[in-house]
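Note sheet for the following structure.
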Ligand SMILES: Nc1ncnc2c1ncn2[C@@H]1O[C@H](COP(=O)(O)OP(=O)(O)OP(=O)(O)O)[C@@H](O)[C@H]1O
Ligand SMILES: [Mg+2]
């Protein structure tokens, strides 16, 4: 079972306008509302690939109720803890007449009390005991300590042999690394924000940053580079995945799809043990097969760019994309 953790989930609202003009009244041409947060997106993508997925985290109020119902409706085991505060919103403003990334308004999230955090850790412990892979994604709400992911990694280790994947930035990422996760997945900005990565070229800086996170304690690092693909720095070697850029798609949540793909390829261990079907079994990074795992995860990330909203993928499109991902081993001196 894949267990996804989203401590600060959100109801994502997307407004479409022709062009964003400040200090003016704008006509909204389309509104979308859906349950989100990075770990929820991971869960949706993994569930779309027919994996057994449970989602946990902290939700509250009317929006929390809506989020839990949406998660259950997507075929995911809904295991969220209730909190007193109201689940936050994020607002994305997409400008249809101006290509580029949307403008995002991110609410910080409701304050979490000590009792609520204590209760969550207990619930998490029993869920982690049943998991093959645990993913921990996104920002932390106010009141949750910066070492929250580090704590959850230690809790996981105390109850299971599950692989742990962490996708966050800043101090929570640095502290999580010190607790020894199996894999961290920063994007380039998160990587450079968390490490003093130096280097002449972009690839040199990425390799140096990833080596820095491994020095802190992460076993492996996959750095996502947007349309330029990704780089894996692992105990088994280093790889570069590259592919064509998809123009005009929606890259929000592509990193979450990449994490879902990496989680799926780790679950492949079990699938391979019972019945070696399922293409995910072949890509098992936990057995050192990084090239295949990156290929499959990149295919899912590309398919998510093509889909209208974060957390959505067409698994058939992902398989087609995966065939065209170029994987190259990076040899030579370690940065
Ligand atoms: N425009 C694009 N065209 C094709 N593939 C893309 C594009 N943008 C992203 N990808 C794929 O998605 C992966 C993750 O993207 P990215 O680095 O943007 O993640 P991220 O910043 O963590 O995103 P998020 O946090 O919104 O999920 C990349 O490694 C790449 O494989
Ligand atoms: Mg990300």
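The values are calculated or read from the model by the stated rules, or taken from the named source; none is laboratory data. As the structure is a prediction and not an experimental result, all values here were calculated from the model. Note: ideal-geometry Cβ built from the backbone for every residue, glycine included; neighbour counts use all protein chains shown.
Checked against the criteria, residue 176 counts as more than 25 Å from residue 246 (Cβ to Cβ), in a helix (DSSP H, G or I) and in contact with a strand residue (DSSP E or B) (Cβ under 6 Å, 6 or more places away or on another chain).
For the range 227-236, which positions are in contact with a helix residue (DSSP H, G or I) (Cβ under 7 Å, 6 or more places away or on another chain) and either farther than 19 Å from residue 328 by Cβ or more than 6 Å from ligand 1 (Cβ to nearest atom) (or both)?
Passing the criteria: 231, 232, 233, 234, 236.
Matching residues to (1) free of Cβ contacts under 8 Å to residues at least 60 places away in the same chain; (2) in contact with a strand residue (DSSP E or B) (Cβ under 7 Å, 6 or more places away or on another chain); (3) outside any loop (DSSP other than H, G, I, E, B):
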{"position": "70", "(1), (2), (3)": "yes, yes, yes"}
{"position": "75", "(1), (2), (3)": "yes, no, no"}
{"position": "82", "(1), (2), (3)": "yes, yes, yes"}
{"position": "93", "(1), (2), (3)": "no, yes, yes"}
{"position": "99", "(1), (2), (3)": "no, no, no"}
{"position": "105", "(1), (2), (3)": "yes, yes, yes"}
{"position": "109", "(1), (2), (3)": "no, yes, no"}
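Sub-7 Å Cβ pairs linking a first residue in the range 180-193 that is closer than 16 Å to residue 257 by Cα to a second residue that is modelled with pLDDT of 95 or more and within 10 Å of ligand 2 (Cβ to nearest atom), at least 6 apart or interchain, are 185/167; 185/224; 185/255; 185/258; 185/259; 186/169; 187/224; 187/255, ordered by first then second residue. Could you tell me whether any residue of the range 53-60 is surrounded by 13 or more Cβ atoms within 10 Å (Cβ to Cβ) and either modelled with pLDDT under 95 or not in a strand (DSSP E or B) (or both)? No; the residues of the range 53-60 include none that is surrounded by 13 or more Cβ atoms within 10 Å (Cβ to Cβ) and either modelled with pLDDT under 95 or not in a strand (DSSP E or B) (or both). One residue stands out among those in the range 150-180 that are within 16 Å of ligand 1 (Cβ to nearest atom) and buried (at least 22 other Cβ atoms within 10 Å of the Cβ): the one that is nearest to residue 255 (Cα to Cα), which is 167.
For the structure I just gave you, tell me whether residue 233 is more than 30 Å from residue 96 (Cβ to Cβ), modelled with pLDDT of 95 or more and within 16 Å of ligand 2 (Cβ to nearest atom). Here the answer is no, as residue 233 does not meet what is asked. Within the range 124-131, not a single residue is within 16 Å of ligand 2 (Cβ to nearest atom), under 24 Å from residue 286 (Cβ atoms) and either in contact with a strand residue (DSSP E or B) (Cβ under 6 Å, 6 or more places away or on another chain) or not in a helix (DSSP H, G or I) (or both).
Determine whether the range 184-191 contains at least one residue that is more than 25 Å from residue 267 (Cβ to Cβ) and out of contact with any helix residue (DSSP H, G or I) (no Cβ under 9 Å at 6 or more places or on another chain). The answer is yes; a qualifying residue exists.
Checking each residue in the range 31-52 for being touching a helix residue (DSSP H, G or I) at 6+ places or on another chain (Cβ under 7 Å), in a helix (DSSP H, G or I) and away from ligand 1 (no atom under 15 Å from the Cβ) picks out only 48.
The residues of the range 239-261 that are touching a helix residue (DSSP H, G or I) at 6+ places or on another chain (Cβ under 7 Å) and in a strand (DSSP E or B), listed by number, are 239, 241, 242.
Pick from 28, 40: which is at pLDDT 95 or above and either within 26 Å of residue 150 (Cα to Cα) or out of contact with any strand residue (DSSP E or B) (no Cβ under 9 Å at 6 or more places or on another chain) (or both)?
Being at pLDDT 95 or above and either within 26 Å of residue 150 (Cα to Cα) or out of contact with any strand residue (DSSP E or B) (no Cβ under 9 Å at 6 or more places or on another chain) (or both) holds for just one of 28, 40, which is 40.
For the range 15-34, indicate whether the set of residues that are under 18 Å from the mean Cα position of the chain (by Cα) and under 21 Å from residue 305 (Cα atoms) is non-empty. Within the range 15-34, one or more residues are under 18 Å from the mean Cα position of the chain (by Cα) and under 21 Å from residue 305 (Cα atoms).
No other residue among 207, 191 is within 16 Å of ligand 2 (Cβ to nearest atom), modelled with pLDDT of 95 or more and in a helix (DSSP H, G or I) apart from 191.
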